[in-house]
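Let me begin by presenting the structure, written as structure tokens, before commenting on it.
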Amino acid sequence: MTSTPMLIQHIRLARQPIVDRELNTIGYELLYRAQDADQTARISNSNQATASVVINALTEIGLDVLVGTHQAFINVPLKLLFNDVLKGIMARQLVLEILETVECNELTAEAMATLKQLGFRVALDDFPVDNIGQPCVKSAHYVKLDVLSDGVEKIVKVVQRAHEAGLKVIAEKVEEWSDYETLKAAGVDYFQGHFFSRPEMIVRQTIRANKAHLLSMLILLQDENVTLDAIAEKINTDLGLTYRLLRLVNSAAIGMRRKVESVPDAVRMLGINTIRSMVYLSALTGVAGKPSALITTAMVRARFAELLSKKTGLGNPSSAFMVGLFSTLDAFYDQPIEQIVGELPLSDSITEALVSRKGVLGEILEYLVFYERGMWLDGDEMTDKLNACAPELYVEAVNWAEKIA
């Protein structure tokens, strides 16, 4: 089975190392890229750019792949600084770079202080050297000073003042080794620029999120009385969202690293705030797409497997749903299913079912794949149980998937 271009998109971002005085990497700035060929960012909407970087870093590529155990520096515009969406991420490796377009006043200082209390580190990006005494400085860990904009001599004069204010100084856009040497002698703590490394592009293929589902999820999440079960049921109708949810559970940034049995299990682990953040950021990225035959196949399999499990008492229905839903991921990603599930925090029973069709869930998956091909199976007692209810339940699963579409 081959991928359907309509359903597949390429997500991309660039990373550039930030090094200490001995040129050891202490982190990477993660940079938005709109196209594979882009050497610099082409940003028309700063909120969309930040949302894209966060979602791609946490749920698509993974911070462990992008930065390892180092810090990940990400730009934060005005709207996201004063919005609760980032608070649900709780990514301890993230350094939030407050853009120079955000006024450095008391309100900004309070918002930054809240982020610090939640465990984030905060940097002031492209900060004017003359503003070291402004209110928001007291709430920052780092200040990034632009060598191309301010010049080496001007930065040298404010390094001591920045240190006295409790800030670590990062000189960015350092192009020449001679500038690095001068800034190092002046006491600059960290460096970023072409003198050491140009940004490296990272591209990955992924499933398109469904815009209609994202919008309906946003509406659902506005309800203060919404339950985790209702959220899980809604997420279960979107393969892309389900995949991102599990990637988020497995993210080194979130720090859970626990196995899950079902979407409700993952939702309970993350909580409503984190789910809301993920959905909001996904919606901000502006992705679109609509279900096709491949999506429909995944949805029919998921519902059919769940119904078979419920009717026969074989396996866990929620886990069976997930097995059916993820059974087409290899077709979406053009990668072996073993590689894909290895990146997800799935329970051993789900993993064995998807990879080798072992266990009760694996037998259900094997059965439904043959059934959808019109192949009637005969055999053991389990197969007889499935045969007895399959025709009616398959029709129900198809009708359910059509309603979802």
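Here are the numbers:
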{"read-out": "Every pair of residues 6+ apart whose Cβ atoms lie under 7 Å, when the first sits in region 167-195 and is open to solvent by 30 Å² or more (accessible area, probe 1.4 Å) while the second is acidic (Asp, Glu)", "value": "Lys168/Asp189; Lys173/Asp146; Tyr190/Asp20; His194/Glu175"}
{"read-out": "Positions within region 206-217 being at pLDDT below 70 and either open to solvent by less than 50 Å² (accessible area, probe 1.4 Å) or β-branched (Val, Ile, Thr) (or both), in sequence order", "value": "Thr206, Ile207, Ala209, Asn210"}
{"read-out": "Flag for Ile170 being modelled with pLDDT under 90 and within 35 Å of the chain's Cα centre (by Cα)", "value": "no"}
{"read-out": "Single residue of Glu372, Glu402 found to be of a type outside the set (Val, Ile, Thr), within 13 Å of Val300 (Cα to Cα) and either surrounded by fewer than 15 Cβ atoms within 10 Å (Cβ to Cβ) or touching a His at 6+ places or on another chain (Cβ under 8 Å) (or both)", "value": "Glu402"}
{"read-out": "Residue tally, condition open to solvent by 10 Å² or more (accessible area, probe 1.4 Å) and closer than 27 Å to Leu214 by Cβ, over region 62-80", "value": "5"}
{"read-out": "So Thr383, is it more than 25 Å from Ile235 (Cα to Cα) and buried (at least 16 other Cβ atoms within 10 Å of the Cβ)", "value": "yes"}
{"read-out": "Test: Lys138 is surrounded by 15 or more Cβ atoms within 10 Å (Cβ to Cβ), closer than 23 Å to Lys116 by Cβ and among the basic types (Lys, Arg)", "value": "no"}
{"read-out": "Failed condition for Ser251, given (1) touching a helix residue (DSSP H, G or I) at 6+ places or on another chain (Cβ under 9 Å); (2) at pLDDT 80 or above; (3) open to solvent by less than 10 Å² (accessible area, probe 1.4 Å)", "value": "(2)"}
{"read-out": "Those residues of region 304-320 which are under 18 Å from Cys389 (Cβ atoms), open to solvent by 10 Å² or more (accessible area, probe 1.4 Å) and part of a helix (DSSP H, G or I), in sequence order", "value": "Glu306, Leu307, Lys310, Lys311, Thr312, Pro317"}
{"read-out": "Matching residues in region 142-158 - criterion: being more than 12 Å from Pro128 (Cβ to Cβ) and open to solvent by 40 Å² or more (accessible area, probe 1.4 Å)", "value": "Leu148, Glu153, Val156, Lys157"}
{"read-out": "Selected residue (criterion: surrounded by the fewest Cβ atoms within 10 Å (Cβ to Cβ)) from residues of region 83-113 that are modelled with pLDDT under 80 and of a type outside the set (Val, Ile, Thr)", "value": "Asp84"}
{"read-out": "Matching residues in region 114-131 - criterion: being surrounded by fewer than 18 Cβ atoms within 10 Å (Cβ to Cβ) and hydrophobic (A, V, I, L, M, F, W, C)", "value": "Leu118"}
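One line per residue, one yes/no per condition, for (1) touching a helix residue (DSSP H, G or I) at 6+ places or on another chain (Cβ under 7 Å); (2) over 19 Å from Gly27 (Cα atoms):
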site	(1), (2)
Gly68	no, no
Leu80	yes, yes
Leu96	yes, no
Ala111	yes, yes
Gly119	no, no
Val129	yes, yes
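The values are calculated or read from the model by the stated rules, or taken from the named source; none is laboratory data. In this text, all values refer to a predicted model and were calculated from it rather than measured experimentally. Cβ: placed from backbone, ideal geometry, glycine included. Neighbour counts: every protein chain shown. To get the accessible areas, we keep the full protein, side chains included, count just its heavy atoms, and leave off ligands, DNA and RNA. Shrake-Rupley method; radii C 1.70, N 1.55, O 1.52, S 1.80 Å.
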